[in-house]
Amino acid sequence: MKDPCLCKEPIVFGICADVHQDIMHDASHRLQVFVDAVSKVKTDFNVQLGDFCIPKETNRSFSNIWDTLAAPGYHVLGNHDMDGGYTREQTVSYLSMPGRYYSFNMKGRHFVVLDGNDPTNPPAQGYSHTVTNPLNPPEQGYPHSIADDQFIWLQADLQATECPIIIFIHQSLDRGLVNSEQIRTLLEKTNTAAGWQKVRACFNGHSHIDCEININGIWYVRINSISTLWMGEDYIRVRYSKEIDKHFPLIKYTAPYRDPLYAIVTLEPGGKIQIDGVASEWVGPAPQEISLSHGSESIRPGIASRTLMPTAVAGS
């Protein structure tokens, strides 16, 4: 079946991930740079992919920066947004989100925001801050699933729209959830039933790396952190001053990026996705210089600019 999408104009959005206000000493500056950049581009909307800040009042001056965006701004729940004993509901209220998961339409496209922080029974352990290999972290520390109620909602939401679909989530859907395969199967069945590439792409943060993979016609794009690469306790190094380390002791577990990283994404009417990213450099030695090397180009202080082309649904 021919793609019935009637989109006649591109849509442009700014995207960033993993600001980590509660880790980084200059998180407010990084967020302000993003806000200023997307305002100059005049994006249609903007989205942050989680690990933004915990919902405490001392973070209000930080979160208020987001509210100065010229275009609508959308939040995704990250696993660290509930650190310190806060609940997801508290974070949703603090950020004035419509819900833990929700969807919206704009310029003939349908955007879905998912919450990948559902617990399982028995509990499945998620990623922790003891990660030493961000490409293959141990399963400990945080829930990482989409529960039945959210799955049922997602299924109905995908069926209800006739627009091309883009998904935002904190954890990756290629392998970042307990039930990643179940969710991907739903997305692929949605495309097969429609007879065209209805679900186009899924964007996530969480991994602090920069890469993409195409699985059965759907692009899964990992957006690098605006702030750092998390390395863990085996790679501790004070990269700023002792005074900064005193007040922000978790920075030394990371390799920070000198400049904030983000991207401008353009969705073209024909399905092409253009990602225009920002490049920077490491603060202090590169991870590879201190033996954190996976032979992966995904570990870099930047978000690569690239073009993702649409693919046809098998049998269409």
Mind checking which pairs have a first residue in segment 96-123 that is under 12 Å from residue 144 (Cα atoms) and at pLDDT 95 or above and a second that is in a loop (DSSP other than H, G, I, E, B) and acidic (Asp, Glu), Cβ under 9 Å, 6 or more apart or different chains? none
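Matching residues to (1) of a type in the set (S, T, N, Q); (2) out of contact with any Asp or Glu (no Cβ under 7 Å at 6 or more places or on another chain); (3) in a loop (DSSP other than H, G, I, E, B):
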position: 29; (1), (2), (3): no, yes, no
position: 37; (1), (2), (3): no, yes, no
position: 58; (1), (2), (3): yes, yes, no
position: 64; (1), (2), (3): yes, yes, no
position: 69; (1), (2), (3): no, yes, yes
Which of the residues that make up segment 23-47 are in contact with a helix residue (DSSP H, G or I) (Cβ under 7 Å, 6 or more places away or on another chain) and not hydroxyl-bearing (Ser, Thr, Tyr)? 23, 24, 25, 27, 31, 32, 35, 46
All positions within segment 22-55 that are surrounded by fewer than 22 Cβ atoms within 10 Å (Cβ to Cβ) and either of a type in the set (S, T, N, Q) or at pLDDT below 95 (or both): 28, 32, 39
Yes or no: segment 299-309 includes at least one residue that is among the aliphatic types (A, V, I, L, M), surrounded by 15 or more Cβ atoms within 10 Å (Cβ to Cβ), modelled with pLDDT of 95 or more and in contact with a Gly (Cβ under 6 Å, 6 or more places away or on another chain). yes
Every listed condition ((1) crowded, with 22+ Cβ neighbours inside 10 Å; (2) at pLDDT 95 or above) holds for residue 126 save (2)
Inspect all residues belonging to segment 6-17 and state whether any of them is over 24 Å from residue 270 (Cβ atoms), touching a residue at least 24 places away in the same chain (Cβ under 8 Å) and touching a strand residue (DSSP E or B) at 6+ places or on another chain (Cβ under 6 Å). yes
Residue pairs qualifying under the 7 Å Cβ cut-off, at least six apart or on distinct chains, with the first in segment 161-182 being more than 22 Å from residue 53 (Cα to Cα) and the second being surrounded by fewer than 19 Cβ atoms within 10 Å (Cβ to Cβ) and of a type in the set (Val, Ile, Thr), are 174/213; 174/215; 178/120
List the pairs whose first member sits in segment 259-273 and is without any contact (Cβ under 8 Å) to a residue 40 or more places away in the chain, whose second member is charged (D, E, K, R), and whose Cβ atoms are under 7 Å apart, counting only residues at least 6 apart or on separate chains? none
Across segment 56-81, what is the total count of residues that are crowded, with 17+ Cβ neighbours inside 10 Å, without any contact (Cβ under 8 Å) to a residue 60 or more places away in the chain and either of a type in the set (Phe, Trp, Tyr) or within 27 Å of residue 118 (Cβ to Cβ) (or both)? 7
Which of the residues belonging to segment 146-179 are at pLDDT below 95, crowded, with 20+ Cβ neighbours inside 10 Å and either over 22 Å from residue 82 (Cα atoms) or out of contact with any strand residue (DSSP E or B) (no Cβ under 8 Å at 6 or more places or on another chain) (or both)? 174
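The values are calculated or read from the model by the stated rules, or taken from the named source; none is laboratory data. Computed from a prediction, not measured in an experiment: that's the story for all the values here. Backbone-built Cβ (ideal geometry, glycine too); neighbour counts: all protein chains shown.
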